[in-house]
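Structure first, then comments.
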Amino acid sequence: MPKQKKKLITAEDLYNLDLITDIEISPDGKTVAYTHQRVDKKTEKKFSNIWIVATSGGAPRQFTYGDHVDAHPRWSPDGKQIAFISNRNSETQPQIYLIPFGGGEARKLTDLKGSPMTFRWSPDGNSLVLMFRKKDKEAVEMEKDEGKKKLGVVARHYDRPFYKMDGAGFNPKERIHIWTINAKNGKAEQLTDHKVFDEYDPVFSPDGKQILYTSNRNPKPDLNIYEDHLYLMPSKGGRFKELPTFDKGEARLVSFSPDGKWIAFLGNEGEGDWWKNTRLWIVASNGKSKPVCLTEKFDWDVNMTCINDIIGALGMTRPTWSNCGQYIYFQVSRHGSTSLRKIDIDTLKVEDVINIDGAVGKFCFDDKQDKLVYFSGNMTDPGQIFVRDMKKGIDKQLTKNNRKLLNKLNLGEIEEIWFKGSDGNQLQGWILKPPGFSPKRKYPAILEIHGGPLVMYGNLFMHEFYYLAAQGYVVFYCNPRGGQGYGEKHSKAIHNRWGTKDYEDLMKFTDRVVRKPYVDKDRLGVTGGSYGGYMTNWIIGHTHRFKAAVTQRSVSNLVSMWGSSDFNWVFQEPFGNKPPWENLQNFWKQSPMKYIGNAKTPTLVIHSEMDLRCQIEQSEQVFVALQTLGVDSEFVRFPNEPHGLSRGGRTDRRIERLNHIVRWFDKYLQPRKRKK
């Protein structure tokens, strides 16, 4: 039988990609519960259900059903039931549900009015500890009154600077607090309460007698953001005590040692130094000693900073202790991949646990730590679930999501290259060749620039890149100075110097790529989003070597960015840490708008209208400037979408965005193709 010719990836394939968004192994290590997200093309809604798969292998099977969102599955300590959050009875009001693993229907446990967030079981399985934000009194009253509901919000009134969050909208007045839920009758009890303070990330101590959490208790937390400290309180509520961390710094993702004597957490000491590596710390739970940094001598970022545009379960996992209390497992992002490592808390010896060309996301152990389950993605697969036998050191893949689709696709070939930047610094990049590549042809090429800037491209699946390659483009991308994953010197290089070493590195990379015999140096395009949009704006104001540009959700004017972003005043920190009225020329010097008068490159401007990270006025300035300069330009605006449209927006809008990008590049880089 002749071998079937492979197809090219399409923008519409976004409808066909199913994602694994969370994983959790059962206490006995026999089963993994995970959430499986799909897109309903008719309604453009994303639904997710719980699936299960045996760690011994075999076909996964669906465990919950329905067109709703089931999320955050967590096994009870005895493994007999799974608690999860679902909106199955109300699209706008999720609740916590329990479902027996042995069979039976899901039972609604809670009757909350507000936003339930992450929760954890108590060691005895009798209760859950929950992060929860109550619904504002005004919102509850509006829901009861059809007239008020129809009229909508009359006004929003705030008295503190952090009042909005991209992807969530405008913050309610209620703060985030800690609650416990009785696992038998669903009775909810609020343990913390304050009009100013929030409490995050609660976990039970191993004996179940205490709850550990993080909080900023400064009287003005929005103006003193580097005072997140650790707190302990009785599991029934009551007086709390603060544990020693830093005068100024960040502490998050906490976990107890098995004997309860130590607490591990991730964080940084100091304030305003965005370029610093996230580090792993431990502190005594009795509060009698200062925290100790376990990774200080390593120039690593203890974080998950490798990015893609098909997210999945690629988030951070809290530091995880070995049962003997001697080791801590943690993620490290370095050189385009995210690995799983462990450290001896006494000798500080570090060992690789999982070190692959890809990224390790969520991971978890069974009770005996005989089995390690983890989510991992790479350049050719958005991500699957794997299990490792810890005694034998053998890994097994448990899922094959999207494999039927991916097996039919010709994605092209990717070449990794290391090259020298403008100061002789080592840089990592990749070149994606189009499917059906011929070394005898000359191809147009597109430079992709990541956002952040404190992230990195790497060994993960990028649908957008493959789609551009399928349209006949060489796609090249790298990690210039300013991002994470290559040490603090690398990330600090553009601190208060945006548009300098990063620009030089990108141009050096472009120089390297255009020397390839198959790249047409006269048909170059450039695009990027967020900070990548900033760099795209910067590039069109500083060089004319690119024949077309697409700037997306960009930053263009650092002066007007201050205070308009949901990052708020904090956005001044990478630029001298002074507000614009004290530092105006410095902000303006590093703003692409200062140089926009030099632009001649035809530019497509793309932005989401509900982007609260980089407000749409940033792109409006670019578009109007290009129009008045007579530069060929267009503006595409997406309603109701936040900053992360390209990764998690409504699927039809993600497709429309991709089609606009290709249309624009084809117009200037492949005009013959466009005529056809």
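The values are calculated or read from the model by the stated rules, or taken from the named source; none is laboratory data. Just so it is clear, the model here is predicted, and its values are computed rather than measured. With ideal geometry, Cβ positions are generated from the backbone for all residues, glycine too; neighbour counts draw on all protein chains shown. Accessible surface is based on the protein model in full, side chains and every heavy atom, while ligands, DNA and RNA are left aside. Shrake-Rupley method; radii C 1.70, N 1.55, O 1.52, S 1.80 Å.
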Original post:
When the solvent-accessible surface of protein heavy atoms is calculated with a 1.4 angstrom probe, in what order do Asp520, Asp67 fall, highest first?
Top reply: Asp67, Asp520
Subject >> Low-density loop positions, chymotrypsin sites (Phe, Trp or Tyr not before Pro), the range 93-200 - DSSP coil, at most 12 other Cβ in 10 Å >> reply: Tyr158
**OP:** Calculate, in nm to one decimal, what Asp389 and Lys6 gain on full extension: separation in residues at 0.36 nm each, minus their alpha carbon distance.
**Re:** 134.3 nm
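How would you classify the range 392-458 from its alpha-carbon gyration tensor, with a ≥ b ≥ c the square roots of the eigenvalues: rounded for a/c under 1.5, else prolate if a/b is greater than b/c, otherwise oblate?
On the way: a/c = 2.16, a/b = 1.26, b/c = 1.71.
Oblate.
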**OP:** Mind jotting down the distance between the C-alpha centroids of the range 1-77 and the range 368-410, whole Å?
**Re:** 13 Å
Subject >> Mean-position separation - Cα centroids, the range 330-366 and the range 594-659, in angstrom >> reply: 38 Å
Original post:
Using a 1.4 Å probe, how large is the accessible area of Met507, given in Å² and rounded to the nearest 10?
Top reply: 20 Å²
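How many percent of the accessible area of the chain is carbon or sulfur, using a 1.4 Å probe?
Details: 14380 of 29260 Å².
So the carbon and sulfur contribution to the accessible surface is 49 percent.
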Original post:
What per residue convex hull volume, in Å³, comes out for the range 535-583 when only alpha-carbon positions are used?
Top reply: 83 Å³
Original post:
What list of ³J(HN,Hα) couplings, whole Hz, do you get for the range 509-525 from phi and the Karplus terms 6.51, -1.76, 1.60, once you set θ to phi - 60° and write x for glycine and proline?
Top reply: 5, 4, 4, 5, 5, 5, 6, 5, x, 9, 9, 8, 5, 8, 10, 10, x
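From Cα pairs below 8 angstrom and at least 6 apart in sequence, can you work out the relative contact order of the chain, rounded to a whole percent? Don't jump to the answer; show the numbers that get you there.
Numbers: 1643 pairs, mean separation 65.9, N = 676.
It rounds to 10 percent for the chain.
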Original post:
Relative to the longest principal axis of the chain, what angle (0 to 90°, nearest 10) does the C-alpha long axis of helix 580-589 take?
Top reply: 40 degrees
**OP:** Per residue of the range 312-317, in order, report the coupling 6.51 cos²θ - 1.76 cosθ + 1.60 (Karplus, θ = phi - 60°) as ³J(HN,Hα) in whole Hz, putting x for Gly and Pro.
**Re:** x, 8, 9, x, 7, 10
**OP:** Would you be so kind as to identify which of Leu8, Leu468, Leu253 lies farthest towards the positive end of the dipole of the chain, taking Lys and Arg as +1 and Asp and Glu as -1 on Cβ and the Cα centre as origin?
**Re:** Leu8
Subject >> Rounded to the nearest 20 debye, dipole of the chain from Cβ charges on Lys, Arg, Asp, Glu >> reply: 1960 debye
Original post:
Ratio of Rg to Rh for the range 486-617, alpha carbon only, Kirkwood?
Top reply: 0.99
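First check a/c for the range 1-122, with a ≥ b ≥ c the square roots of the eigenvalues of its C-alpha gyration tensor; if it is under 1.5, answer rounded, and if not, answer prolate when a/b is larger than b/c or oblate otherwise. Spell out each step's value before the answer.
Working: a/c = 2.71, a/b = 1.41, b/c = 1.92.
Here the range 1-122 falls in the oblate category.
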Subject >> Candidate residues Phe386, Phe419: accessible-area rank, largest first, probe 1.4 Å >> reply: Phe386, Phe419
Subject >> Calculated from backbone phi, Karplus (6.51, -1.76, 1.60) coupling profile of the range 27-32 in Hz, x at Gly/Pro >> reply: x, 7, x, 8, 9, 10
**OP:** On the full set of protein chains, 1.4 Å probe, figure out the accessible area of Lys45 and give it in Å² to the nearest 10.
**Re:** 80 Å²
Subject >> Accessible area of Arg88 in the full protein assembly, 1.4 Å probe (Å², nearest 10) >> reply: 70 Å²
**OP:** Could you pull out the pairs from Lys362/Lys489; Lys6/Lys440; Lys547/Lys673 whose alpha carbons sit more than 18 Å apart here?
**Re:** Lys362/Lys489; Lys6/Lys440
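Give the relative contact order (percent, whole number) for the range 111-263; include only Cα pairs under 8 Å separated by 6+ residues. Could the numbers behind the result be given before it?
On the way: 278 pairs, mean separation 27.9, N = 153.
Rounded, it is 18 percent for the range 111-263.
Rolling a 1.4 angstrom probe over the protein heavy atoms, how many square angstrom per residue are accessible across the chain? Don't jump to the answer; show the numbers that get you there.
Values: 29260 Å² over 676 residues.
Using a 1.4 Å probe on heavy atoms only, each residue of the chain averages 43 Å².
Under the definition of Cα pairs under 8 Å and six or more residues apart, what whole-number percent is the relative contact order of the range 375-446? Write out the running numbers ahead of the final one.
Numbers: 72 pairs, mean separation 13.4, N = 72.
Result for the range 375-446 is 19 percent.
Highest first, please rank the peptides 150-157, 31-38 by the mean number of other Cβ atoms sitting within 10 Å of their residues.
On the way: 150-157: 8.4, 31-38: 21.9.
Output ranking for 150-157, 31-38: 31-38, 150-157.
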Original post:
Which of the trypsin sites (Lys or Arg not before Pro) found in the range 325-379 are loop residues per DSSP with 11 or fewer other Cβ atoms within 10 Å of their Cβ?
Top reply: Lys349, Lys368
